[in-house]
Amino acid sequence: FSHSERETIYFDKDSQFTYDAENKRYVYLCDGQELVYKLSEDEHSNNGLIALKVKMSDSIYDNYIFQCKDENNNTLGLFRSYSDKKIYVEVNGTHISTGLSIEDNNWHFIALTWSKIVSSSSLYAYAYSLRIQLDDDIISRNSYVNSIYGNLMVSLGRQYDYFNETCLPLYGYIEMLITGNSYAANATLTVLKEKISSFVGFGNSIKKAI
């Protein structure tokens, strides 16, 4: 895969790249306003991938790693619960447990990839197959929705509710963002983890892979 400089839709006014002396690399501290990426130019986002390295601090709130949203306000996000330290997928407000947890403030590789599948539910018209990787663990889940994702935008390091004007940020660091418009197999996720782990010392640590 290849890397290019980040392309943001909205500029994060008070964000900063900060040097982590302990790990001898530059990292992005999610301390500002929204940092938003467009995932693809396709009308529908039936398949997708988001992978990155994250380092979290303790918080009394849910730690949002990212949240995707389309023009119809359909959402797809990934966060760590403050109560049990487990990773959850958020789909239109519904929380799907992965059973995976981050209980320290070390660096971790995490990825979410999804693909539209035939719905087996009589209550929902559409379904998505979800694959989540945390370090060496990979699990699969299904989610059910009544409308398909279209032109997803990913808000990095936070979940923002415009209606209630509330924000759940990530308390920590993000490094080496990778996005794609395909459903990644287990072997692909493992390779991405190895590739990401091999990059150190970048001045602009957040990258986009196409």
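The values are calculated or read from the model by the stated rules, or taken from the named source; none is laboratory data. Nothing here was measured: the structure is a model prediction, and the numbers come from that model. Positions of Cβ are backbone-derived with ideal geometry, glycine not excepted, and every protein chain shown enters the neighbour counts. Protein only, heavy atoms only, side chains kept; ligands, DNA and RNA dropped before computing areas. Shrake-Rupley method; radii C 1.70, N 1.55, O 1.52, S 1.80 Å.
A few comments on the model shown:
- Modelled spin labels at residue 135 and residue 105, positioned 7 Å past Cα toward Cβ, are 1.8 nm from each other.
- Estimated inter-spin distance, residue 117 and residue 142, nm [label 7 Å along Cα→Cβ]: 0.6
- The GluC sites (Glu not before Pro) found in segment 63-126 that occupy coil by DSSP, while having at most 15 further C-beta atoms within 10 Å, are 71, 103.
- Area of residue 97 that stays accessible when all protein chains are in place (1.4 Å probe, Å², to 10): 50
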